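Working notes, beginning with the structure itself.
Please treat every number below as a calculation from the coordinates, not as lab data. All values derive from a computational prediction rather than experimental measurement. Cβ coordinates were reconstructed from backbone atoms using ideal geometry, including for glycine residues, and neighbour counts include every protein chain displayed.
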Amino acid sequence: MTQAHSAVSVIATKRDGAALDDEQIDWVVDAFTRGVVADEQMSALAMAILLRGMNRRELARWTAAMIASGQRMDFTDLPRPTVDKHSTGGVGDKITLPLAPLVAACGAAVPQLSGRGLGHTGGTLDKLESIPGWQADISATRMRAALADPAIGAVICAAGADLAPADKRLYALRDVTGTVESVPLIASSIMSKKIAEGTGALVLDVKVGSGAFMKDLGDAAELAAAMVELGTDAGVHTVALLTAMDTPLGRTAGNALEVAESIEVLAGGGPSDVVELTVALAREMVAQAGIRDIDPAQVLAGGRAMDHWRAMIAAQGGDPAAPLPRARHTETVVAAESGVLTRLDALAVGLAAWRLGAGRARQGDPVQYGAGVEMHRKPGESVERGQPLFTVHTDTDSAIPAAVEALRTGYEIGTVAPPAGPLIIDRIGG
Ligand code: URA
C-alpha cells in the first residue's frame, strides 16, 4: 500500500462525496482485518459511507474485499445443488426451521449459516439451542457429511471465525456507532457471508414494517435490489421476496415456543402465515436450485420434511423427541372489551419477548429458552371480553409487568376487521 491510501485519505475521499477506487477499498478492508486501520478510523469510514452511499462498482468491490478477508467454502463437489435463504430478521420469524428440512426433502442441499439474536428479533441458533443436546458449532467435515447425506441434506449452524472476519469486526463497530442502517453496509455485510458460505443459489426474505430493520417499502426494495445484484454478479442465483413484518409471524415469539410451532408446521398444521411463507420461500429455493416438477407444499403434506427435520436435529447432537424447555412462570392477558383485533404490532411483541428473557441486550448474554409471548388472537380475529389475548412466559416473574405493558401499547380492539394486506409484497430478481 502506498502512503496515498492512508486511512485518513480514504475516509476523507468518502467524506467529501467522491467514490472510493478499487485499490483504496482493497487496502482499507485488508488493513482493517490486519489491525492496521484502527477501529475509530473504520467507524468514521462507516459513517461516511452511511451518509454518502456507494455506487454499484464500489459496493461490489467492497463486498469482494470482505469475502477475501477470510475463507470461502466450496460445495460444488456435492451431488446435489446447494441453496440457502437469508431473512433480514423479524418477530416470530421461525421460517428457517421448517424451511431448511423441507427444501432438503425436495432434493437440494441447504448449508444455512445462521446467527444469534441481538435486540428484539430472535436468532435462529438461539431457537435451535432450546432443543436438548443440539449444537450450533460443528466442523466443516460434519457439515459436508450432513449435506451429502440424502436423508439429512440440511445444516443450520454457526458461521466459523474465518468466514468474512472483516464483517464480524465491522458489524460490532456499526452496532455501537449508529451505522447499521446503511443500504450498502447491510447489503455487503449479508452478501459477503452468503457468498463466502459457498451456496450456489440464494433466496432473500427482506422484511418490511414496524418489526423489521427496514420500516419503509422503498428502502427495503433498494436493499433487496442491491443484494440481488451482488449475488448475481458473484454467480449465485439470487432472488428476493419483500414480506410484511408489521405484525409477528405465527402465534409465538420466543425460542422453544417457536420451535414447537415450527414442528406443528412440519406435522402439517401450524399458523397459516407461517405455512404460506415457508412454502413460498421453498418454491423459490427449489426453482433457484434448478429442481423441477416438485411442489414443496405436497412434500410438506406428505411428512418427508419432518423426517429430514428429525435427521437434521439428530446429526447435530439434538434429541428431536425430547420435551422442550418451559418457562417457570406464565401470565395470561385477557381482552378488556369484545370486538376484533385491529392491530398487533410486531415491535411491541418483540420487545415484550425480549423483556421476558427470550433475547439478549449484549452479545454473549444468556437467553431463556422457555421465555416469550404466545398470541391467542391475530389481527382480524374476534375476541370476547375476558377471553385470552396473550400468554407471557418467563423464568423471571419480575419481568412480567414491563412485558405486559409493552404488549398493551401494541394492540387495539375495534369493531371492523382491518383489510388483510398481502404477506408477500413483491419479488425482485430471478
Ligand atoms: N445482518 C447482517 O448480517 N448484517 C447487517 O448489516 C444487518 C443485518
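Couple of notes before you dig in:
- Projected onto its three principal axes, the C-alpha set of region 145-188 covers 45, 20, 14 Å, listed from the longest axis down.
- Spatial extent of the chain: Rg and Dmax, with the Cα atoms as the point set, Å: 21.7, 72
- Using a Förster distance of 56 Å, the FRET efficiency for ALA322-ARG57 (Cβ separation, nearest 0.05): 0.65
- Taking amide H atoms as placed 1.01 Å from N in the peptide plane, the amide H of ASP295 has no partner under 5 Å among residues 5 or more positions away or on other chains.
- The length gained on full extension between GLU331 and ASP16, counted as 0.36 nm times the residue separation minus their Cα-Cα distance, comes to 107.9 nm.
- Sites ALA297 and THR76, calculated FRET efficiency, Cβ-Cβ separation with R0 35 Å, nearest 0.05: 0.75
- 5 angstrom amide H check on ASP426, placed H, neighbours 5+ away: LEU242
- In order through region 293-302: 3J(HN,Hα) via Karplus (6.51 cos²θ - 1.76 cosθ + 1.60), integer Hz, x for Gly, Pro: 6, 10, 9, x, 4, 6, 5, 5, 5, x
- Packing, as the average of other Cβ atoms within 10 Å across residues, places the peptides 156-164, 10-18 in the order 156-164, 10-18, highest first.
- With each label modelled as a point 7 angstrom along the Cα→C-beta vector, the ALA267-ARG169 pair spans 4.8 nm.
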